[in-house]
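One structure is given below, encoded as structure tokens.
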There are 2 protein chains.
Amino acid sequence: MPISDCAVKDPRMRRTRRLLQGALRTLLESRSFDELSVQDIADAATVNRATFYDHYTDKHALLEAMIAAEFHQLLEDRQVRFDGTCASAAGPVIHAACDFLSVCSGHPGPDQKNRSIEPLVGAAVVAAIRRVLLSGLAARKPARGAAPELIAGAAAGAIYGAVKEWAGRRNPPPAEKFVGTVLKLVEPMLAAAAPRERK
Amino acid sequence: MPISDCAVKDPRMRRTRRLLQGALRTLLESRSFDELSVQDIADAATVNRATFYDHYTDKHALLEAMIAAEFHQLLEDRQVRFDGTCASAAGPVIHAACDFLSVCSGHPGPDQKNRSIEPLVGAAVVAAIRRVLLSGLAARKPARGAAPELIAGAAAGAIYGAVKEWAGRRNPPPAEKFVGTVLKLVEPMLAAAAPRERK
DNA sequence: CAATGTTTGTCGGTTACACGACAAACGTTG
DNA sequence: CAACGTTTGTCGTGTAACCGACAAACATTG
């Protein structure tokens with residue numbers, strides 16, 4: 001049984017997963033996800049097929065891990081961190097989601113090619129957003145009424161849902177403006193867990 | 001003790017060597033060969049330092065293998081094959097050597113940086129040229145008087161020596177013209193082993 | 001000179017990867 | 001329907017890669 005991507009110390013495992021994710025990313029540029037067999041991915045990664053299953057249960061799990069890794073990489077490149085003290089600090093996270101979805105392959109856009117994996121990609125992105133939000137929420141005192149996991153899950157779903165609509169528009173407003181709109185929607189949600197405001 | 005690059009079946013070994021050679025190539029773009037430690041190269045290749053020594057005796061051996069591999073890759077990309085039947089078939093090989101030396105890092109050129117490894121690079125290139133010539137010579141009946149190994153070694157040395165002079169010139173003639181010049185010099189050498197010409 | 005730190009090359013013990021083989025779950029074709 | 005080829009997921013057996021530790025060679029510093 002494959003173990004979580006986090007907390008992998010052995011460099012061989014890190015390298016193998018990096019190779020597999022890189023291979024999938026490359027192959028998706030020329031072929032659709034459904035056309036790819038595990039053998040194809042393993043070959044492109046110069047990894048044995050059996051080794052693939054030591055890391056992921058199937059190719060969907062690999063896709064999920066790849067999306068998560070790429071999104072987290074984007075956040076890291078921009079030094080985005082959700083500081084839970086202020087709900088509006090979620091702005092950069094929303095902005096990152098916009099940019100990620102607008103370039104990420106296999107998306108609502110005009111191409112029918114990878115339409116079938118959109119739910120999986122969506123779930124991975126939501127999970128990644130949730131994780132970022134949660135790490136910020138966990139840094140402060142527990143909220144009254146709602147568990148931070150609940151808040152993070154709800155906000156992440158809201159953000160992804162909004163951004164997906166935005167990415168599917170014909171003439172979408174600029175991302176900056178759109179971020180503000182979404183922020184207004186989710187601020188109350190995040191603030192629900194915020195410590196009492198000092199007036 | 002490390003084994004020859006040829007005849008390596010295990011994909012793990014192929015991959016490790018590819019990673020090591022790629023890492024060295026990358027590192028040489030920003031640092032000189034002398035500044036690099038085995039640890040640096042191993043890190044960049046995401047390979048353990050001890051594993052490095054399972055493949056190469058030291059970093060010089062890696063450099064040699066890398067040069068050889070790159071030169072052979074160039075030949076393969078151009079589909080260059082020395083067909084021993086005609087001495088002038090060495091033309092493309094000479095041309096490849098010109099192009100390779102004029103772009104290869106660590107060379108006579110103005111940069112003093114990697115001057116110290118020039119002999120090693122030269123030896124690797126000579127060995128690569130020799131191997132190509134020999135594979136062509138071996139395909140025909142054995143020569144009278146001189147062993148094919150001797151012919152190939154001499155011709156390879158001559159070609160490299162000539163091309164090195166050419167690459168070090170201030171205003172070198174175009175490669176095409178220069179190839180003809182060198183060809184005239186080495187043709188008698190290669191023809192010495194040629195089967196009797198039909199008149 | 002001695003003391004210190006870095007790099008080198010080597011050596012067992014542990015772990016991940018390669019590989020062939022296998023049964024099961026699919027299409028597809030006749 | 002049966003026969004066929006492909007892909008999937010799993011398993012046991014070798015082997016290569018990882019790792020810490022070590023002594024030796026070397027450079028730097030006081």
Legend entry - Under 13 Å, Cβ to Cβ, from residue A:149 - net charge with Lys/Arg +1 and Asp/Glu -1: +2
Inset, instruction - Taking DSSP loops as anything outside H, G, I, E and B, show the longest stretch in chain B free of GluC sites (Glu not before Pro) there with at most 12 other beta carbons within 10 Å. - result: B:30-196
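Based solely on its DSSP helices, what 222 nm [θ] is calculated for chain A when runs of n ≥ 4 H residues each add -39,500 (n - 2.57) and the sum is averaged over all residues, nearest 500 deg cm²/dmol?
The per-residue figure over chain A is -20000 deg cm²/dmol.
Got the relative contact order for the stretch A:1-160 handy, in percent, Cα pairs under 8 Å and 6 or more residues apart? Could you put the intermediate results ahead of the total?
Values: 143 pairs, mean separation 34.6, N = 160.
Once divided by the residue count of the stretch A:1-160, the mean separation gives 22 percent.
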Inset, instruction - Could you work out which residue, out of A:66, A:13, A:189, moves most in a Gaussian network model of chain A, that is, has the largest mean-square fluctuation with Cα springs under 10 Å? - result: A:13
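I need the trypsin sites (Lys or Arg not before Pro) found in the stretch B:116-191, filtered to DSSP loop residues with at most 11 other beta carbons within 10 Å of theirs. Intermediate results must be reported in sequence, preceding the final value.
Values: sites: B:130, B:131, B:140, B:144, B:164, B:169, B:170, B:177, B:184; in loops: B:140, B:144, B:169, B:170.
When the trypsin sites (Lys or Arg not before Pro) of the stretch B:116-191 are filtered for loop state and at most 11 Cβ neighbours within 10 Å, B:144, B:169, B:170 remain.
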Legend entry - chain B: translational diffusion in µm²/s, Stokes-Einstein, Kirkwood Rh over Cα pairs, 10 °C, 1.306 mPa s: 88
Legend entry - Inter-copy label distances at residue A:165 (7 Å, Cα→Cβ; nm, one decimal): 7.7
Inset, instruction - Excluding residues on the same chain fewer than 8 positions from residue A:177, give the aspartates and glutamates whose Cα lies under 20 Å from its Cα. - result: A:99, A:165, A:187
Legend entry - Rough spin-label spacing in nm, given labels placed 7 Å along Cα→Cβ, for residue A:171 and residue A:72: 4.1
Inset, instruction - Pick out, in residue order, every one of the trypsin sites (Lys or Arg not before Pro) in the stretch B:1-84 that is DSSP loop and has at most 10 other C-beta atoms within 10 Å; say none if there are none. - result: B:9
Inset, instruction - Sort all Cα-Cα distances of the protein assembly as shown into consecutive 10 angstrom bins from zero, then give the percent of pairs in each bin up to the one containing the longest distance. - result: 4, 17, 19, 18, 16, 13, 8, 4, 2, 0, 0
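None of the figures in this text is laboratory data; all of them are computed from the coordinates on show. Because the structure is a prediction, the values reported are computed rather than measured. Note that we place each Cβ from the backbone using ideal geometry, even for glycine, and neighbour counts take in every protein chain shown.
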